[in-house]
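Enquirer: Take this structure first; my questions come after.
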Amino acid sequence: MILYFLSLALFVMGLYCLVAKKNIIKKVIGIVITEYSINMFLILVGYRDGGIAPVLMKGMDNSEIAAGSVDPLPQALVLTSIVIGLGVLALMVSICLRLYEKYKTFDMSEIKRLRG
Amino acid sequence: MQGYYPLFTALPLAMAFLNLLVSKLSKKVSDYFAFLVMAVLAGMSIKMLFVQPFTYQVGGWAPPWGILLVSDGLSSMILAVINIIGLLSMVFSISYMNTYTAKPKYYTLFLLMVAGMNGVVITGDFFNMYVFLEIASIASYALVGFGCEREELEASFKYLILGGVASTAVLFGIAFLYSMTGTLNMPDVAHQLEFMEMNRAIAFVLAMFIMGFGLKASTVPFHAWLPDAHPSAPAPISAMLSGVLIKALGVYAIARVMFHVFGPNDMISAIMMFLGALSMLVGVIMAVGQSDFKRMLAYHSISQMGYVTIGLGLGLNPNVSPAIAAFGLLGGLFHLANHAVFKSCLFLSSGSFEFRTGTRNKFEMGGLIRRMPVTSATCSIASLSISGVPPFNGFWSKLIIIAAFIQAALYSQGDSKVWFMIYGIIAVFVAFMTLISFVRLQKSVIFGKLPERFASLREAPFSMVVPLIILAALCLGIGIAYPFIHDTLLEAAKDALLDKVSYVNLLIGS
């Protein structure tokens, strides 16, 4: 149970970082933290205490896997979500670099030409 | 047609990258290549309108293990909207994007965005929906910042941060649903949820979905990114973002999930109607004072999407009589299609004006009807349509929504009566404010005195004028042919959305 709350705490910390920090790199880190907290949560959803790896070895039958293994589906989901997260991160960092080229600062409070 | 269904997302996805290779050989070919892909998709989507509902199992895996693609009245309608507007925006970009560098990369991002949106619409699997949502979103973040100027990068960064939060919220909701039901297949999840009482976990999932999809649809408390992001993009992309993206990723997804997975519910209905009314009011009030042409249109997008949300909210309400709920839902869906047509026409017109005059400030323009008659005419038609002037399409959908709310107020009991009346009055008031705002726009841009520096202006190039004329004709045509559209398209979409039972039965039927 405590692990679920830890992943929620991580999510909230990421959101806090996103809202409170002015440095855009720190905002990017905040987004990444929230993403990872969800990934952890997904792994926890499929986790089973004392479960075995969901691999069909020689001499095992299907019912043994079904009874004893952790859920393999969330792991596949997490892989996909990590790859998507990488794509978003690359885009975010490249936009940050372009912003730095134009404004010469990473401070969000100085990057405000759009208002209203 | 059934076997070709995955092509709606597979074709643009493959061609997006093939297009980059083609552009190494010849820049000219890549223009026509992207146009051809969109033309094929638009043709397929029109053909889909006449196909009976069916399901497609990806890779032959039976549900609930495999990914299920679902085609019904609703998805056919949204596919047609996406791909036709996409084709017209693509035609518009052929000349317009000459002012930018790296045109082939633009086409790649454009096709990726279309692939993502089509994927969200055709899928019947939660995680698949999330992946396509992200494909479309990432492509749109990049397209908003495509010009790489200061404002564009800033808008793109804002959009990226808020869009990232939205995607995370959606994924959180999906993870929760999976932990409750043990499946990702949408009909199966709906089936499992029927055995559960409303509990805190479901309420949390609902909150996450409303926040996540609400951010993508930019309903009001979540709207901060839209007025920056939509004007900053190149004009055809503004048309795609405002006309299609916020509908496919936001409103369509929320409708599909709320109607088919969770089913009609008092609480969701009240929240959606409240958010819709708030969006309508805030959007239109913010729009009146804007001097930037495209920024004003972006605020109107927020307000018009409020009409769609409020119509869907009435459709979700289990307490009013089913006929009235269905009527409100029909109005919402019709307004969704209409908004796609007139808002993309307005954004493309603004792009056409900007292409020739070099400014987006509406007070610097004036008297353009003498120099750019076609663009001015189409802009006028679309403005009349968005303000709800009778022969045009916007009138009918607004009329249906307002009539549905007045009926709901008259024929229901209890406290909700007053609320329905208030929402109806807000809808009338917002329509009036929209009219004022667009009359002012007409006065300062199209009529009035022509500034001297624009004396030698010419009409926009042919490939930019053609999509404008088609869209303006659609505004008028849909308005006049309303009874026909109502019987064929809208009824099918509405029935599909209200029929939760047969959606759940897709699991067994296929």
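The values are calculated or read from the model by the stated rules, or taken from the named source; none is laboratory data. Keep in mind that what you see is a predicted model, and the values were worked out from it rather than measured. Cβ placement follows ideal geometry from the backbone for every residue including glycine, while neighbour counts extend to all protein chains displayed. These area figures cover heavy atoms from the full protein model, side chains too; ligands, DNA and RNA do not enter into them. Shrake-Rupley method; radii C 1.70, N 1.55, O 1.52, S 1.80 Å.
Enquirer: So A:K26 passes all but one of these: (1) exposed (fewer than 12 other Cβ atoms within 10 Å of the Cβ); (2) in contact with a helix residue (DSSP H, G or I) (Cβ under 7 Å, 6 or more places away or on another chain); (3) charged (D, E, K, R). Which condition number does it fail?
Expert: Here A:K26 clears every test but (1).
Enquirer: Looking at B:L153, B:L162, which is the one that is more than 8 Å from chain A (Cβ to nearest Cβ) and either crowded, with 24+ Cβ neighbours inside 10 Å or assigned to a helix (DSSP H, G or I) (or both)?
Expert: After applying the criteria, what remains is B:L162.
Enquirer: Which residues, counting only those in segment B:182-209, are buried (at least 17 other Cβ atoms within 10 Å of the Cβ) and closer than 16 Å to B:N265 by Cβ?
Expert: B:V189, B:A190, B:L193, B:I202, B:V205, B:L206, B:M208, B:F209
Enquirer: Of B:F110, B:F132, which residue is open to solvent by 10 Å² or more (accessible area, probe 1.4 Å) and in a helix (DSSP H, G or I)?
Expert: Going through B:F110, B:F132 in turn, the sole match is B:F132.
Enquirer: State yes or no: is A:A9 assigned to a helix (DSSP H, G or I) and away from every other protein chain (no Cβ under 13 Å)?
Expert: Judged against the criteria, A:A9 is a match.
Enquirer: Need the failing condition index for B:T183 against (1) in a helix (DSSP H, G or I); (2) polar (S, T, N, Q); (3) within 12 Å of chain A (Cβ to nearest Cβ), just the number.
Expert: For B:T183, the failing item is (1).
Enquirer: Continuing with this model, one more query. Among the residues of segment A:29-55, what is the count of those that are over 28 Å from B:E154 (Cβ atoms), open to solvent by 20 Å² or more (accessible area, probe 1.4 Å) and not charged (D, E, K, R)?
Expert: The number of residues fulfilling the criteria is 11.
Enquirer: Only residues in segment B:452-478 that are of a type outside the set (V, I, T) count as the first member; pair them with residues that are assigned to a loop (DSSP other than H, G, I, E, B), Cβ under 6 angstrom, at least 6 apart or cross-chain, and list the lot.
Expert: Filtered contacts from segment B:452-478: B:L457/B:R371; B:E459/B:M372; B:C475/B:F392.
Enquirer: Can you tell me which residue among B:A460, B:A403, B:A408 is open to solvent by less than 30 Å² (accessible area, probe 1.4 Å) and in a helix (DSSP H, G or I)?
Expert: B:A408
So that you can scan it fast, the table gives a plain yes or no per residue for (1) of a type in the set (A, V, I, L, M); (2) outside any helix (DSSP H, G or I); (3) crowded, with 22+ Cβ neighbours inside 10 Å:
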{"position": "B:I386", "(1), (2), (3)": "yes, no, yes"}
{"position": "B:M421", "(1), (2), (3)": "yes, no, no"}
{"position": "B:F432", "(1), (2), (3)": "no, no, no"}
{"position": "B:V439", "(1), (2), (3)": "yes, no, no"}
{"position": "B:L476", "(1), (2), (3)": "yes, no, no"}
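Enquirer: Restricting to segment B:168-180, name every residue that is among the small types (G, A, S) and more than 8 Å from chain A (Cβ to nearest Cβ).
Expert: B:A169, B:G173
Enquirer: Still on this structure, please answer the following. Considering only segment A:85-115, how many residues are open to solvent by 50 Å² or more (accessible area, probe 1.4 Å), more than 7 Å from every other protein chain (Cβ to nearest Cβ) and part of a loop (DSSP other than H, G, I, E, B)?
Expert: 4
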